[in-house]
Amino acid sequence: MRVRYRAQHPWWGRGIHLVRMLPEAQILDQGSNWDLDIEVKEDRQAVTITTTGKDIYDQTSVSAERMAFLHALFNMLSKIKGEPLSPWGVSTGIRPGKLAAELMVNDREEAVTELCHRWLMTPAKAQLLTATVANGYPLLQNKGLSIYISVPFCPSRCHYCSFASLPLAIWQRHLPRYVGQVARELAELLQSCQQLGYAVNSIYVGGGTPTALPPDLLAEMLAPAAHPGCEFTVEAGRPDTLTWDHISALEDVGVTRVSVNAQYPVAETLAAIGRQHSVQEFYTALDWALNSKIDIVNSDLIIGLPGETVQGFTGVLNTLAQAGVQNITLHALALKRGAKIHSHYLDPALAQEIAQAAYVWLDKEGYLPYYLYRQKNIASNLENVGFALPDSFCYYNIASIAEAEPVLGVGAGAVSKLVNGDGVELLNNPRDPNQYLQRRSSLVLRKLDWLSSNS
Ligand code: SF4
């Protein structure tokens, strides 16, 4: 559906978040080749919304107040869609965890009521959201920071990928230099943290696929952070990159969490999404991780892939739990601009049914939801939720989604989130490794300056 959205005042442009929830909405801000036109005008104390399309004409005036406007637009769009626009109500576009945490200062049930009445969430989403906050937020530290290390290389590109992921083969020759510079940046930041008295609460190595690096280079890159005395996570997302030598290297530097991602371990599904590894390779890599000295193993699953069924999905959950996986993260497929495919793989109703069955199954087996976030273009109006057995939550995930503390980004494509009070300043390392190598020194200096002026 092509939707033209015109808002007289930029403030009312926030309604665009809701418009995006119409099925397949393609937003235009001008032109006449549209299926639905939405016009928002402000006149004295009122805001008037007009929707026009084939067989559609509707107009509502409400007071010029943010929630009144969002409720009116939500209701008008729900009428057009023929069902409630989203179980997340009018919260789309804001961080749900932060919102719930603010509302939960006094009482969780009061917060659920507020989320349902004021934010129009369904009771099920409000309960899920507040449960993640109740489980995860108490772990947040009052001081200190986390470090994110980016390894933006993968052996090949999955069809749905929109992360910073570069073909390893092209960069092979440059890896020693790249790794040397990342290790240097890491050492400089860690030294500065120590001198200025910043506690390092967690270190997270993501990508790309960090284990796409050969074990010796991975060990060299992580050496400055060895045995940091805090949570230390490495993603080994693509099981075909992991070898026993990688596991040994990770054990040697004191890694405490590793992620080996299943996505949906069924041969036809892996082939359809361009994961160039077999189901057996996944289970072998998982087995190595589980039998290593690394304490906690996470596995990501994606809801919304071809070939998934409710029974198949809960069967995979059962296999992971029986194997001893302590963290299971459920992602809803989100197709961004960088992805090779642009249509949803799975019927939204089936995806929602799978998510619901998975949540019930995980709850029954003692896995607790502990962090939650939503992305733009997330399929089927779902959410990403991390589940874990008690005492095995990932601190980095909680702190970074909550924006509760600074995160220093290291390596190409890493984003530093310089949190100070309620403010967050973003500092992006360039995605291109060559540019990163050229600008590395100046970017490190900016981070060091920030650390010393905020210590
Ligand atoms: S493994 Fe992850 S980062 Fe790499 S191509 Fe696949 S989805 Fe992208």
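Laboratory data are not the source of any read-out in this text; all were calculated from the coordinates shown. None of these values were measured; they are calculated from a predicted model. Here the Cβ positions follow ideal geometry from the backbone for every residue, glycine too, while neighbour counts run over all protein chains shown.
If the condition is being among the polar types (S, T, N, Q) and surrounded by fewer than 17 Cβ atoms within 10 Å (Cβ to Cβ), then segment 240-283 contributes T243, S248, Q276, S278, Q280.
Which condition from (1) within 16 Å of the ligand (Cβ to nearest atom); (2) hydrophobic (A, V, I, L, M, F, W, C); (3) assigned to a helix (DSSP H, G or I) is the one that V258 breaks? Of the numbered conditions (1) within 16 Å of the ligand (Cβ to nearest atom); (2) hydrophobic (A, V, I, L, M, F, W, C); (3) assigned to a helix (DSSP H, G or I), the odd one out for V258 is (3). The residue pairs whose first member lies in segment 157-186 and is within 16 Å of the ligand (Cβ to nearest atom), whose second member is aromatic (F, W, Y), and whose beta carbons are closer than 6 Å, counting only pairs six or more residues apart or on different chains, are L166/F153; L168/F153; W171/F153. Scanning segment 214-248 for residues that are of a type outside the set (S, T, Y) and within 13 Å of the ligand (Cβ to nearest atom) gives E235, A236, G237, R238, P239, D240, L242. Within segment 17-36, restricting attention to residues that are among the hydrophobic types (A, V, I, L, M, F, W, C) and touching a residue at least 60 places away in the same chain (Cβ under 8 Å), the residue that is nearest to A64 (Cα to Cα) is L18. Inspection of segment 295-307 finds a residue satisfying the criterion of being in contact with a helix residue (DSSP H, G or I) (Cβ under 7 Å, 6 or more places away or on another chain), under 25 Å from L250 (Cβ atoms) and within 16 Å of the ligand (Cβ to nearest atom). For residues that are crowded, with 24+ Cβ neighbours inside 10 Å and either part of a helix (DSSP H, G or I) or more than 26 Å from the chain's Cα centre (by Cα) (or both), tally how many sit in segment 223-239. Number satisfying all stated conditions: 1.
Residue count for segment 261-274 under the criterion of being more than 16 Å from the ligand (Cβ to nearest atom) and either in a loop (DSSP other than H, G, I, E, B) or in contact with a strand residue (DSSP E or B) (Cβ under 9 Å, 6 or more places away or on another chain) (or both): the result is 1. Restricting attention to segment 378-424, the residues that are under 12 Å from the mean Cα position of the chain (by Cα), closer than 22 Å to A124 by Cα and polar (S, T, N, Q) add up to 1.
Where helices (runs of 4 or more DSSP H) fall wholly inside segment 65-118, the ranges with 1 or more residues that are closer than 23 Å to A402 by Cβ are 96-103, 108-117.
Considering every residue within segment 129-144, establish whether at least one is within 16 Å of the ligand (Cβ to nearest atom), surrounded by fewer than 18 Cβ atoms within 10 Å (Cβ to Cβ), touching a residue at least 60 places away in the same chain (Cβ under 8 Å) and part of a loop (DSSP other than H, G, I, E, B). Looking for residues that are within 16 Å of the ligand (Cβ to nearest atom), surrounded by fewer than 18 Cβ atoms within 10 Å (Cβ to Cβ), touching a residue at least 60 places away in the same chain (Cβ under 8 Å) and part of a loop (DSSP other than H, G, I, E, B), one finds none in segment 129-144, hence no. All conditions but one from (1) away from the ligand (no atom under 16 Å from the Cβ); (2) under 18 Å from E235 (Cα atoms) apply to Y148; the one that does not is (1). Considering every residue within segment 94-114, establish whether at least one is buried (at least 16 other Cβ atoms within 10 Å of the Cβ), charged (D, E, K, R) and free of Cβ contacts under 8 Å to residues at least 24 places away in the same chain. Within segment 94-114, one or more residues are buried (at least 16 other Cβ atoms within 10 Å of the Cβ), charged (D, E, K, R) and free of Cβ contacts under 8 Å to residues at least 24 places away in the same chain.
Reported count of residues in segment 187-213, each being within 16 Å of the ligand (Cβ to nearest atom) and of a type in the set (S, T, N, Q), is 2.
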